[in-house]
Amino acid sequence: MIVNSATAASTNPSAASSGTAVDYQSFLKLLVAEMKNQDPTSPMESTDYVAQLATFSQVEQSVQMNSKLDQLLAASSLAQAGSLVGRELTSADGTVTGTVKEVKLFSDGIIAVLGSGKEILVGPGVSVR
């Protein structure tokens, strides 16, 4: 599959984050708001607050783990892309063949730029020699 590089979106490290920051300041703001607005005749038990803190901690750890996994996947993609330089590549349909002179890493995959200037999206069916 030949790809036009203008249609591919480049990878942006800041775009990988969801934009929602999870921290204890946010939890404390929510806790204070909850305490201000609770029913005075039926206040929450202290165990409920502890359970909320534990749940919040689990969410925060999950967000941090997802961030680390994203970084690991990006590093893996870079290593894979770098290993293609100098190798012969054939497109999935067999119509384009050439030696890879550079690679471009985009959010939707790796684009190999051949010596002839043609670009191939590296994916299923592409042959590497």
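For the reader, a short list of remarks on this structure follows.
- Checking every one of the GluC sites (Glu not before Pro) in region 43-129 against DSSP loop status and a limit of 13 other Cβ atoms within 10 Å picks out 45.
- Taking all Cα pairs closer than 8 Å and separated by 6 or more residues, the relative contact order of region 13-128 comes to 16 percent.
- Near-label residues of region 46-75 by backbone N, under 13 Å of a point 7 Å along Cα→Cβ of residue 38: 46-53
- The charge dipole of region 13-128, taken about its Cα centre with unit charges on the Cβ atoms of Lys, Arg (+1), Asp and Glu (-1) only, comes to about 500 debye.
- Straight-line cross-link reach from residue 29 at under 17 Å between alpha-carbon atoms covers these aspartates and glutamates, not counting any fewer than eight positions away in the same chain: 48, 60.
All of the numbers you see were taken from the coordinates with simple rules; none came from a lab. The shown structure was predicted, so the numbers you read here are calculated from the model rather than taken from an experiment. Note that each Cβ is placed from the backbone with ideal geometry, even for glycine, and that neighbours are counted across all protein chains shown.
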